[in-house]
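The next block holds one structure in the form of structure tokens; read it before the comments.
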């Protein structure tokens with residue numbers, strides 16, 4: 001079996017910036033290769049064209065092209081033509097693509113196309129109650145029509161996407177993102193910087209970061225020594241048209257609180273892991289997500305997490321057992337859970353231990369890779385008995 005992935009992100013020294021989408025794909029690709037599955041990854045929107053060969057894996061960097069007219073169409077056809085040439089040459093059996101931007105709209109493949117619901121613009125606009133551009137919905141809707149089947153990282157993401165795109169008579173499988181747990185070990189969970197609160201993720205409104213100044217202020221009333229560290233790329237704010245959400249955040253902080261806040265921007269992932277180990281607790285007050293890679297990564301490293309309680313999150317955490325679930329708009333409850341954890345090292349350790357157990361049971365890539373393989377087999381050979 002030979003599987004291909006079409007993606008705008010894939011973590012590699014020669015690719016452009018990558019986030020949670022790219023990380024989830026890389027985790028799966030590496031596990032497929034270990035299972036002797038041949039894999040080709042097409043990474044579009046790159047600065048240069050290059051083919052990188054690594055064991056059972058080939059990474060094709062597709063150089064971005066600019067067009068004077070109808071770029072949204074010709075860009076897709078350029079990617080389609082390149083992928084189809086490699087599909088034919090290499091005998092690829094199935095190609096998987098993300099839902100974001102409906103990249104496979106106008107594309108036709110001679111092999112089955114599976115779309116994974118990493119989080120479409122349609123999905124995020126729905127969760128944020130934000131108006132969507134008609135063309136964005138059109139592209140994503142058209143892409144879903146061309147797919148043979150779908151995979152969602154949570155049942156919540158799958159059900160919401162199914163309703164939004166009115167998908168009928170096509171299978172939507174729920175297969176969680178997975179972690180290679182050996183890469184997320186914490187040998188000394190009792191060692192951490194007391195009262196250090198860590199947020200990891202894009203600095204963007206939908207991740208709930210604009211709620212953090214008020215939440216942090218409430219925390220510092222009870223825990224004056226609390227410190228907040230933020231890691232992630234700054235982003236444009238769609239509501240105010242500000243080029244920097246971080247600048248919006250800074251204006252919301254009490255000036256004394258701001259002295260206890262450290263924004264590190266984007267840093268190498270090895271450094272991110274060091275901060276996770278160092279943190280007392282991790283917080284993710286997001287309003288829009290499909291699963292949340294950084295949440296399960298923090299849980300894997302035995303950190304107590306205060307997380308959004310919306311839909312998808314209920315499939316990650318058992319509230320008050322393997323973490324705390326709170327609606328990000330409820331600043332009092334969110335801050336109270338943080339305070340409760342900061343004031344009890346024993347509670348942090350108990351929840352952190354159960355968080356690791358939860359991740360081992362639900363998000364181990366060594367188990368999940370076989371679910372993906374069986375799903376691919378069923379789509380490639382639908383009439384073959386399992």
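The values are calculated or read from the model by the stated rules, or taken from the named source; none is laboratory data. Just so it is clear, the model here is predicted, and its values are computed rather than measured. Glycine gets a Cβ as well: all are built from the backbone with ideal geometry, and neighbour counts include every protein chain shown.
Descriptive notes on the structure:
- Every pair of residues 6+ apart whose Cβ atoms lie under 6 Å, when the first sits in region 66-91 and is over 14 Å from residue 108 (Cα atoms) while the second is surrounded by 12 or more Cβ atoms within 10 Å (Cβ to Cβ) and at pLDDT below 95: 67/74
- Identity of the residue in region 352-361, touching a residue at least 24 places away in the same chain (Cβ under 8 Å) and surrounded by fewer than 17 Cβ atoms within 10 Å (Cβ to Cβ), that ends up nearest to residue 302 (Cα to Cα): 353
- Extreme residue, nearest to the chain's Cα centre (by Cα), among residues of region 178-187 that are in contact (Cβ under 8 Å) with a residue 40 or more places away in the chain and surrounded by fewer than 17 Cβ atoms within 10 Å (Cβ to Cβ): 180
- Only listed residue being closer than 26 Å to residue 142 by Cα and surrounded by 16 or more Cβ atoms within 10 Å (Cβ to Cβ), chosen from 79, 37: 79
- Within region 138-177, the set of residues being closer than 16 Å to residue 76 by Cβ, surrounded by fewer than 18 Cβ atoms within 10 Å (Cβ to Cβ) and touching a helix residue (DSSP H, G or I) at 6+ places or on another chain (Cβ under 7 Å) comprises 141, 142.
- Checked against the criterion of being surrounded by 16 or more Cβ atoms within 10 Å (Cβ to Cβ), in a helix (DSSP H, G or I), in the same structural domain as residue 24 (by TED's automatic domain parsing) and within 16 Å of the chain's Cα centre (by Cα), region 93-103 contains one or more residues that satisfy it.
- Taking region 297-309 as the range and being over 21 Å from residue 339 (Cα atoms) and out of contact with any strand residue (DSSP E or B) (no Cβ under 6 Å at 6 or more places or on another chain) as the test, only 297 passes.
- Filter result for residue 116 (assigned by TED's automatic domain parsing to the domain that holds residue 8, within 15 Å of residue 147 (Cβ to Cβ) and over 21 Å from the mean Cα position of the chain (by Cα)): no
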